[in-house]
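A short write-up of the structure that comes next.
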Amino acid sequence: MTFYGGVNEIGGNKILLEDRDTRIFFDFGMSYALKKQFYSPPFLSPKTEKSLQELGILPKIDGIYRFDGKASDVDAVFLSHGHMDHSAYLSFIKREIPVYCGETTRIILQASGETRRADLEFDVEDIDFKTFRTGNKIRVDSLEVEPVHVDHSVPGAYGFIAYTSNGAVAYTGDFRMHGAKPDMTRDFVDKVKHAEPVAVVSEATNMTGASVSSEREVEDKLNCIVEQANGIVLASFALSDVDRLNTFYRVAKRNSRCLAVSLKQAHVMERLQEDKGLRVPSLSDESVLLFRKSKKRMDKWETQLTERHEGQVVDVFEVSKRQCNAVLAISFYDLEELVELQPSAGSCFILSASEPFNEEMEIDFERLVNWLRHYGLPEYHVHVSGHIMPLQLKSVLKEMNAQKIFPIHTENAELFAKFMRDLKSATVLPEKGKEYQI
Ligand SMILES: [Zn+2]
Ligand SMILES: [Zn+2]
C-alpha cells in the first residue's frame, strides 16, 4: 500500500493498493492544502498538469495519467464519495481505467461537471463510471472489493473492504456516527469486523475541535433562528450536503418561508431525483424557489433549467421584496448579490458548513465578515461535522480489531496514535509515497 495523498492533511486521498499483479486506487482527490500553498484562484490558477506535478500537488505515478502517453498500469479506481478532496483529480486519469462508485456519486459528479466551464482540475467527461450498491462484490483480477455504505455529509458515501492474498484491508473513506443515517456506518463496521482485517485505513479528521451534536440538533437550532428572524435569512451550506438541504427545506416550510436555491444547486437536485434511494425536495414544490443571479449571459444548462421551472424562478429584486418569506442559500461567490438585495433590518446570516473550508470550496472568512458588517448581518454558525468524533472512532476501531491502523485525512496523526495506544491494533503513521507491506 502506498499513500500519495491524505497524509498529514485533510483530504487529497490517493491510496494505491497492490496485490500480485493487480493495482487499484482508493480515491483520487485534490489536496486543498497543497494547492493553497501556491495558488489563489481565479487569477493565479494552474494552467497545466505540468505545473501541478512540478509543485508536487499532483504526484508522479506511472501509468495512470492520460497525459503521460504510457500504457495503463492501474486496473481500477474505487471512489468513496463525491467530495472534491476525494474525486477531483479523476480529471487527469486515463479514460480506459474504470472508476467504481455509488450511483449517487456518479450523478453528483456528472451534474456538477455539467454546470462548470471546461476546467483543468474538475473534468469527469468520458470517465468510465461503473456503479455499485451495497451487497455487490467487485472482482478486479486477483482482488475482490466489497463496498459498504457509510453516513457522511454527502449522500452515496461508501467504505471498502479489499480481500487481498494477505487478508482483508478496509478503507473507511469519510464517515460518521452522529449524522442522519448512523445505521449505514454501523453496517460497514460490522462487515469490517467480520472480515478480521489485517489493516484498516481510517480517516481521523476530528482530533481537535470535536463536539457532540447531531443533524437533528442542527434542525432545532436552525428553526430557533429562522423563527425569530424578521428579515431575510441567508444560509451558506455545501451544495451536495443533501441532509442539510432537507433540514433547511423543513425549517423554511415550518416557518412559512420559501427556500431559494442557486441554479447550480437546483441542477444537482433535479438530477438527484433519478436516484430513487434518496429524498431530495422537488423543484416543483411550492416551498422551493430557483434563485437566478444577476448576470447578463446564461449558460445553456441555465437557460434550459429556468425554462423547465419558469414559475419558480426568482431574481434578486423579487427576493428583495419578500425578504421575510425567504431563506436564501448563498455561497461565498454570491455576495455581490447583496448590493441589489439590500437585506432589511433583522436579517441574518447562517454559516452551516465547516470553517475555514468545506470539502467543496474554501470559505474566505475574513472577506465574508466584512460583507456582513457592511450590511449589519449577524452571523450564526450552526453545523455538524461530516466526520466521526474521537471517542466514537476509538470504539469503532476497537471493534474492527485490525492488526494495523493507518490514520489518514488528518493533521493530527500523532495525537491519534497516542489516543489509540491501548488498542490491540498497532497504529502506523504513513509517510507520503512510501510503500507499506501488509
Ligand atoms: Zn474528505
Ligand atoms: Zn468527504
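The values are calculated or read from the model by the stated rules, or taken from the named source; none is laboratory data. No experiment lies behind these values; they were computed from the predicted model shown. We place every Cβ from the backbone using ideal geometry, glycine too, and count neighbours over all the protein chains shown. Ligands, DNA and RNA are stripped out before the accessible areas are found, and what is left, the full protein with its side chains, is counted by its heavy atoms. Shrake-Rupley method; radii C 1.70, N 1.55, O 1.52, S 1.80 Å.
Taking the range 285-303 as the range and being at pLDDT 95 or above, assigned to a loop (DSSP other than H, G, I, E, B) and open to solvent by 60 Å² or more (accessible area, probe 1.4 Å) as the test, only Glu286 passes.
If you check Leu377, Leu423 for being open to solvent by less than 70 Å² (accessible area, probe 1.4 Å), without any contact (Cβ under 8 Å) to a residue 60 or more places away in the chain and in a loop (DSSP other than H, G, I, E, B), only one passes: Leu423. In the set (1) among the hydrophobic types (A, V, I, L, M, F, W, C); (2) without any contact (Cβ under 8 Å) to a residue 40 or more places away in the chain; (3) open to solvent by 10 Å² or more (accessible area, probe 1.4 Å), Leu120 fails one condition alone, (2). Only one entry in Thr105, Thr134 is of a type in the set (S, T, N, Q) and assigned to a loop (DSSP other than H, G, I, E, B), namely Thr134.
Rundown of residues vs (1) open to solvent by 40 Å² or more (accessible area, probe 1.4 Å); (2) under 22 Å from Arg23 (Cα atoms); (3) modelled with pLDDT under 95; (4) not small (Gly, Ala, Ser), yes/no style:
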{"position": "Lys137", "(1), (2), (3), (4)": "yes, yes, no, yes"}
{"position": "Val148", "(1), (2), (3), (4)": "no, yes, no, yes"}
{"position": "Val154", "(1), (2), (3), (4)": "no, no, no, yes"}
{"position": "Ala162", "(1), (2), (3), (4)": "no, yes, no, no"}
{"position": "Ala168", "(1), (2), (3), (4)": "no, yes, no, no"}
{"position": "Gly173", "(1), (2), (3), (4)": "no, yes, no, no"}
{"position": "Arg176", "(1), (2), (3), (4)": "no, no, no, yes"}
{"position": "Thr185", "(1), (2), (3), (4)": "no, no, no, yes"}
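Checked against the criteria, Val212 counts as surrounded by fewer than 22 Cβ atoms within 10 Å (Cβ to Cβ) and of a type in the set (Val, Ile, Thr).
In the list Glu431, Glu366, which residue meets the criterion of being among the acidic types (Asp, Glu), without any contact (Cβ under 8 Å) to a residue 60 or more places away in the chain, out of contact with any Pro (no Cβ under 6 Å at 6 or more places or on another chain) and farther than 23 Å from Thr185 by Cβ? Step by step, each of Glu431, Glu366 is checked, and only Glu366 is among the acidic types (Asp, Glu), without any contact (Cβ under 8 Å) to a residue 60 or more places away in the chain, out of contact with any Pro (no Cβ under 6 Å at 6 or more places or on another chain) and farther than 23 Å from Thr185 by Cβ. Screening Ser87, Ser51 for residues that are outside any loop (DSSP other than H, G, I, E, B) and either buried (at least 21 other Cβ atoms within 10 Å of the Cβ) or within 12 Å of ligand 1 (Cβ to nearest atom) (or both) leaves exactly one candidate, Ser87. Scanning the range 391-412 for residues that are open to solvent by 20 Å² or more (accessible area, probe 1.4 Å) and either closer than 23 Å to Val212 by Cβ or part of a strand (DSSP E or B) (or both) returns Leu391, Gln392, Lys394, Ser395, Lys398, Glu399, Lys404, Glu411, Asn412. The number of residues in the range 162-205 being away from ligand 2 (no atom under 16 Å from the Cβ), within 16 Å of Met1 (Cα to Cα) and in contact with an Asp or Glu (Cβ under 6 Å, 6 or more places away or on another chain) comes to 3.
Annotation: of all residues in the range 4-38 being of a type in the set (S, T, N, Q) and either under 18 Å from the mean Cα position of the chain (by Cα) or surrounded by 24 or more Cβ atoms within 10 Å (Cβ to Cβ) (or both), the one that is nearest to ligand 1 (Cβ to nearest atom) is Asn13.
Here Tyr171, Tyr100, Tyr163 are screened, and the one residue that is within 16 Å of ligand 1 (Cβ to nearest atom) and in contact with a strand residue (DSSP E or B) (Cβ under 8 Å, 6 or more places away or on another chain) is Tyr171.
Can we say Asp75 is in contact (Cβ under 8 Å) with a residue 24 or more places away in the chain and either away from ligand 1 (no atom under 16 Å from the Cβ) or more than 18 Å from His152 (Cα to Cα) (or both)? Answer is yes for this residue. Among the conditions (1) in contact (Cβ under 8 Å) with a residue 40 or more places away in the chain; (2) over 21 Å from Ala162 (Cβ atoms); (3) open to solvent by 10 Å² or more (accessible area, probe 1.4 Å); (4) in contact with a strand residue (DSSP E or B) (Cβ under 7 Å, 6 or more places away or on another chain), Phe92 misses just one, which is (3).
Looking only at the range 266-273, decide whether some residue is surrounded by 13 or more Cβ atoms within 10 Å (Cβ to Cβ) and outside any helix (DSSP H, G or I). Yes; the residues of the range 266-273 include at least one that is surrounded by 13 or more Cβ atoms within 10 Å (Cβ to Cβ) and outside any helix (DSSP H, G or I).
The single condition among (1) under 22 Å from Leu143 (Cα atoms); (2) surrounded by fewer than 17 Cβ atoms within 10 Å (Cβ to Cβ); (3) in contact with a Gly (Cβ under 8 Å, 6 or more places away or on another chain) that Lys70 does not satisfy is (1).
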